[in-house]
There are 4 protein chains.
Amino acid sequence: MMLPELREKVLDANLEIQRQGLVLYTFGNASGIDRKSGLVAIKPSGVPYERLKAEDMVITDLDGKIVEGKLNPSSDVETHLLLYRSFPTIGGVVHTHSEFATSWAQAGQPIPCFGTTHADYFRGDIPVTDPLADEEIESDYELNTGKVILRRFKDLDPVATPGVLVSGHAPFAWGKDPSAAAHNAVLLEYIAKLAFRSRLINPQLGEVSAALLRKHYERKHGPKATYGQREQEAKAF
Amino acid sequence: MMLPELREKVLDANLEIQRQGLVLYTFGNASGIDRKSGLVAIKPSGVPYERLKAEDMVITDLDGKIVEGKLNPSSDVETHLLLYRSFPTIGGVVHTHSEFATSWAQAGQPIPCFGTTHADYFRGDIPVTDPLADEEIESDYELNTGKVILRRFKDLDPVATPGVLVSGHAPFAWGKDPSAAAHNAVLLEYIAKLAFRSRLINPQLGEVSAALLRKHYERKHGPKATYGQREQEAKAF
Amino acid sequence: MMLPELREKVLDANLEIQRQGLVLYTFGNASGIDRKSGLVAIKPSGVPYERLKAEDMVITDLDGKIVEGKLNPSSDVETHLLLYRSFPTIGGVVHTHSEFATSWAQAGQPIPCFGTTHADYFRGDIPVTDPLADEEIESDYELNTGKVILRRFKDLDPVATPGVLVSGHAPFAWGKDPSAAAHNAVLLEYIAKLAFRSRLINPQLGEVSAALLRKHYERKHGPKATYGQREQEAKAF
Amino acid sequence: MMLPELREKVLDANLEIQRQGLVLYTFGNASGIDRKSGLVAIKPSGVPYERLKAEDMVITDLDGKIVEGKLNPSSDVETHLLLYRSFPTIGGVVHTHSEFATSWAQAGQPIPCFGTTHADYFRGDIPVTDPLADEEIESDYELNTGKVILRRFKDLDPVATPGVLVSGHAPFAWGKDPSAAAHNAVLLEYIAKLAFRSRLINPQLGEVSAALLRKHYERKHGPKATYGQREQEAKAF
């Protein structure tokens, strides 16, 4: 069996989003890439999390050709692959329909940075894509979902903004490996929940200062990180 | 004992809505039909889920005559039966007072299609019935609850819209068998929760495009379904 | 030890509100009365639910004199006793700070009957008391909490309305015995949750029709009840 | 190993905020002080709660010098220490990003006293600090977080108001020992949840009367406390 270690990591990331309450039934999927071989391991489509095993993961190349696996890959595989082809620094991708992040995605609004919990993980808004045009929906829908994300990231750094809301759909998150991608998906959901309530308390609420945004982001990330013990530095990316 | 297999399926559907947090105490009920014999198995009224066994299910014919069983059937049995008589393609019916779907039913508003999670299961609004007239409440209330659903479905396909909100009351969902009906009830609740929050984030929010609605519905249903492994195709109906 | 059976019932009612998520730490208390002897068993003040035993219940007479028990009774005992003295048909009282009912009590608003879940248990609004006057707070506060409830029930039947919101405080519920009181407290919380969300979906929402209110209440209560199996009839009161 | 008893208490307070659902992953931290020696025990930074042991707690003096411990202390240690230096009656400090309290902190609004649950623990508003100025963020950020709290408490008694919302960040709570600090953090979260919903039900809602505020606070605190059994009196502070 190919890539046993990557398979385990991808399995773990899938189980983590389930443990953290981000998935209903078989919704959601996590993948990881082995950059050396250019091969991707991804959750099979529609298999219950309780039965998921490392050997069920489907191995594809970066063009979507199945290299190993008897099951169909997640129906969102084309979106994952385009993200891997376009963001060379990422090693894992997670897609969920988690409750609060999906509510923001459906509302078609970016999540403003209302506080330090957000600033610790996302350096600025959690962006929302444009809605897909009718012709983008009608053919190559999953690939076009990836393209609409890329259009939104034209001027954004996917390391400083490790996730996005697809308008009318749901969030995607990523990270340096599958575990970091799952971690960012969990945080994105938590941030979405806090922001939902903050806005209801104060509908006129604006963003935190740029200084606070920078401070918190850098406290957890980059060369001067002061959070955690040494081996965890910059864990989320 | 008659219909042992159907009894097990109906028991499972009842336990599934409880496991997924859709019921408080003895609220909610699931039923299933054996189309060959025209017999229906339904949860008995007011029996705690923890004690429910396959042999407790009550067997009635399509007119409500009890054919086998010592317990009273669910007080909503007449509504279930009218749905079976009117929608020949359905094989299971589920009624709950689940939190978010019931809140929309009480609000007397249909749930607009705000995103793909909705579009995957319901092809358009989750409709709401008219309120029952006073005389419809005073006699044959449960039967009239079914009739007010049928009035709402005059121009709707119960396969593409596998559930409804009864105004001032709560949701009913159905599917090709009891398990699919329970699955659709769980999804209806999840969709209601997402829609509730999306509307609070953006009170002016409109529906997704017709193209997205069609795409997602067809990705999970019908001849060109691309979701899941082969044996699950079109599972929810 | 006096009244061992009543002690067990009161213990069970206290544990039930904890199991159903209505209490944080030691908040909340349930009591029951033995009408023959006029003695009341009530939870002791501030004892963790995990350690609560039947023998910890405090027995008082209807004037609050401790007849048996080494612990202090719940600090709300005077409110319970006034309810027992004034509502001769009730056999149990439950007080909680449950999340949604308390939010309505704090908001100082009655819970309108928005649907059948409500109508099944409360025949009309769940009423809210007036705020206590300063002098009612300063002395005999707990007794005056009971008095402000009685003022609100001058024209209400405590059997058809088995609970109340004390303005700026929290709910009290009651029933024919401690178990029914706990059941009504759990339902009051569920109804409060549904109503909170229904109102947010539709801020202009009005009540259901009088016919629906009557129908649902009578389906579960009184001589023509059609819900449940025989032995449960009129269980909630 | 120094201060084994304090280490256990601090461990317990950290585990308590996790048990009560106030923390996601490694968020949050609790500390305690031994006033005799002036030494503080605090949670290490970024260690999962499941693996946390009493010997992992980091011992520092009041100036932040690590006296015992191989791990880095919580990145918020400077805030904790300033609180201990400034509030001589407190023995424990807890910081969380708990859901509802953080939403109010992000909204930049104090939590008004809407009811007795609040009045039992906080004698008045739960205050919110000013946002930190840019230069306060850029250097000595954690110390300045403490300073902005102290500015807010110039005219407040930290015993009657055992917690605060740091604007755009999250809550801090304290108490006479680590256990009381954790207890107050849990209550702050519960109060924040009730207040969120009360305000959505009634956006014009004002505070409870001064008489009710005084009564409830004094029922649980101070020489005339009537809540609980003797050994628990004034437990929360």
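Couple of notes before you dig in:
- Residues satisfying the stated conditions in region C:121-163, i.e. in a loop (DSSP other than H, G, I, E, B) and within 13 Å of chain D (Cβ to nearest Cβ): C:129, C:130, C:131, C:132, C:133, C:139, C:140
- Per-region count, region A:81-99, residues open to solvent by less than 10 Å² (accessible area, probe 1.4 Å) and within 14 Å of chain B (Cβ to nearest Cβ): 3
- Among (1) hydrophobic (A, V, I, L, M, F, W, C); (2) assigned to a helix (DSSP H, G or I); (3) farther than 25 Å from residue A:186 by Cα - the single one residue D:100 does not satisfy: (3)
- Subset of region B:220-237 [more than 9 Å from chain A (Cβ to nearest Cβ) and either modelled with pLDDT of 90 or more or open to solvent by 50 Å² or more (accessible area, probe 1.4 Å) (or both)]: B:223, B:224, B:231, B:233
- Just one residue in the set B:52, B:3 is out of contact with any Pro (no Cβ under 9 Å at 6 or more places or on another chain) and not polar (S, T, N, Q); that residue is B:3.
- Checking residue A:46 against (1) more than 21 Å from residue A:153 (Cα to Cα); (2) open to solvent by 10 Å² or more (accessible area, probe 1.4 Å); (3) in contact with a Phe, Trp or Tyr (Cβ under 8 Å, 6 or more places away or on another chain); (4) within 14 Å of another protein chain (Cβ to nearest Cβ), the condition it does not meet: (2)
- Residue selected from region B:107-120 under the condition open to solvent by less than 10 Å² (accessible area, probe 1.4 Å) and within 10 Å of chain C (Cβ to nearest Cβ), by the criterion nearest to residue B:167 (Cα to Cα): B:107
- All positions within region C:184-219 that are modelled with pLDDT of 85 or more and basic (Lys, Arg): C:193, C:197, C:199, C:214, C:215
- When we screen B:76, B:56, B:125 for residues that are farther than 22 Å from residue B:217 by Cα and open to solvent by 20 Å² or more (accessible area, probe 1.4 Å), the only hit is B:56.
- Subset of region D:186-219 that is under 26 Å from residue A:119 (Cα atoms), open to solvent by 10 Å² or more (accessible area, probe 1.4 Å) and touching a Leu at 6+ places or on another chain (Cβ under 7 Å) - its residue that is farthest from the other protein chains (Cβ to nearest Cβ): D:189
- Filter pass, residue C:24 being at pLDDT 95 or above and either within 12 Å of residue C:95 (Cα to Cα) or surrounded by 21 or more Cβ atoms within 10 Å (Cβ to Cβ) (or both): no
- Which listed residue, of C:70, C:65, is in contact with a strand residue (DSSP E or B) (Cβ under 9 Å, 6 or more places away or on another chain), of a type in the set (Lys, Arg) and surrounded by fewer than 19 Cβ atoms within 10 Å (Cβ to Cβ): C:70
- Any hit, region B:151-160, residues being surrounded by 20 or more Cβ atoms within 10 Å (Cβ to Cβ) and more than 17 Å from residue C:119 (Cα to Cα): yes
The values are calculated or read from the model by the stated rules, or taken from the named source; none is laboratory data. Please read all numbers here as calculations on a predicted model, not as lab measurements. Here Cβ is always computed from backbone atoms with ideal geometry, including for glycine, and neighbour counts include all displayed protein chains. For accessibility, only protein heavy atoms count, side chains too; no ligands or nucleic acids. Shrake-Rupley method; radii C 1.70, N 1.55, O 1.52, S 1.80 Å.
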